[in-house]
Amino acid sequence: MAVALAAIATLALPAQSKREAQVRPHEAQLIDQRGHIFTLSQLRETPLVVTFISAHCKDICPLINAQTASTVRDAQDLHLGVRFLTITLDPEHDSPADMRKIAKIFGADPRWWIVAGGSRNDVHAIMQAFHVTAQQGREGYADVHTTFVYLVDKHGVIRKTMLASNDLDHQVIAAVRTNWGTLTQ
């Protein structure tokens with residue numbers, strides 16, 4: 001399924017350059033809050049909770065970040081072997097410094113919670129794979145967007161999609177516990 005998802009995402013990309021046409025989600029490079037470059041493939045072997053946000057969003061994104069911070073603490077307290085990954089959905093405007101600032105504000109320790117950005121081509125390849133959409137709002141930022149949370153198994157396969165809500169932290173912990181066998185097989 002992951003291969004099919006990668007193939008679909010690659011075909012759906014508008015070919016603006018040779019590099020962009022060749023980017024596959026598992027090969028796309030992201031930059032974490034420490035400035036380290038990584039790929040989704042390097043995060044395999046550990047289940048992930050993935051969110052997409054815009055650093056300039058003044059609506060739901062700060063709430064998702066706050067709830068993710070709470071969920072990370074709960075997962076650590078419960079000794080759940082899951083990592084969290086937050087990716088910009090506005091790489092045209094969200095610089096590595098913006099993502100570092102978000103990580104600092106919400107206390108994102110990269111051992112548990114990676115806050116990442118990257119090039120337009122790489123981030124959009126990942127967004128395509130997750131079926132994340134974003135549009136520019138009145139201020140020119142991608143502040144009109146999907147607000148889903150994804151549970152990804154240790155092989156990189158999306159196993160569950162949840163709509164962000166005001167009870168997100170409890171929903172994520174319950175979903176990780178309920179789906180643990182599927183996430184780690």
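The values are calculated or read from the model by the stated rules, or taken from the named source; none is laboratory data. Just so you know, these numbers come straight off a predicted model, no measurement behind them. Positions of Cβ are generated from backbone atoms using ideal geometry, with glycine treated the same way; all protein chains shown enter the neighbour counts. Side chains included, ligands, DNA and RNA excluded: accessible areas come from the protein's heavy atoms. Shrake-Rupley method; radii C 1.70, N 1.55, O 1.52, S 1.80 Å.
Summarising the amide proton neighbourhood of residue 53: residues at separation of 5 or more, or on other chains, whose placed amide H is nearer than 5 Å comprise 87, 88, 89. Summarising the amide proton neighbourhood of residue 118: residues at separation of 5 or more, or on other chains, whose placed amide H is nearer than 5 Å comprise 31. Where a ≥ b ≥ c are the square roots of the eigenvalues of the C-alpha gyration tensor, would you call the stretch 143-185 rounded, which needs a/c under 1.5, or, failing that, prolate if a/b is larger than b/c, or oblate? Here the stretch 143-185 falls in the oblate category. Assign one of three labels to the stretch 44-84, namely rounded, prolate or oblate, based on the Cα gyration tensor with a ≥ b ≥ c the square roots of its eigenvalues; rounded applies when a/c is under 1.5, prolate when it is not and a/b is larger than b/c, and oblate otherwise. Here the stretch 44-84 falls in the oblate category. What the phi angles of the stretch 118-128 give under the Karplus curve with 6.51, -1.76 and 1.60, with θ = phi - 60°, is a coupling list of x, 5, 3, 4, 5, 5, 5, 4, 5, 4, 4 Hz, glycine and proline written as x.
Peptide packing: for 107-117, 173-183, the average count of neighbouring Cβ atoms within 10 Å per residue gives the ranking 107-117, 173-183, highest mean first. Round to a whole number: what % of the accessible area of the stretch 30-132 belongs to carbon and sulfur, probe 1.4 Å? C and S atoms contribute 54 percent here. Binning all Cα-Cα separations of the stretch 42-185 at 10 Å, short to long from zero, yields these whole-percent fractions: 12, 45, 35, 7, 0. Karplus-derived 3J(HN,Hα) values for the stretch 151-166, using 6.51 cos²θ - 1.76 cosθ + 1.60 with θ = phi - 60°, are 9, 10, 6, 5, 9, x, 9, 5, 9, 7, 10, 10, 7, 4, 8, 6 Hz; glycine and proline are entered as x. The packing ranking of peptides 120-129, 31-40, highest mean first, is 120-129, 31-40, where packing means the average number of other beta carbon atoms within 10 angstrom of each residue.
Listed by chain and number, the aspartates and glutamates whose C-alpha is less than 14 Å from the C-alpha of residue 101, apart from same-chain residues fewer than 8 away, are 32, 109. In order along the stretch 33-39, phi translates into HN-Hα couplings of 5, 8, x, 7, 8, 8, 10 Hz, rounded to whole numbers, per the Karplus curve 6.51 cos²θ - 1.76 cosθ + 1.60 with θ = phi - 60° and x for Gly and Pro.
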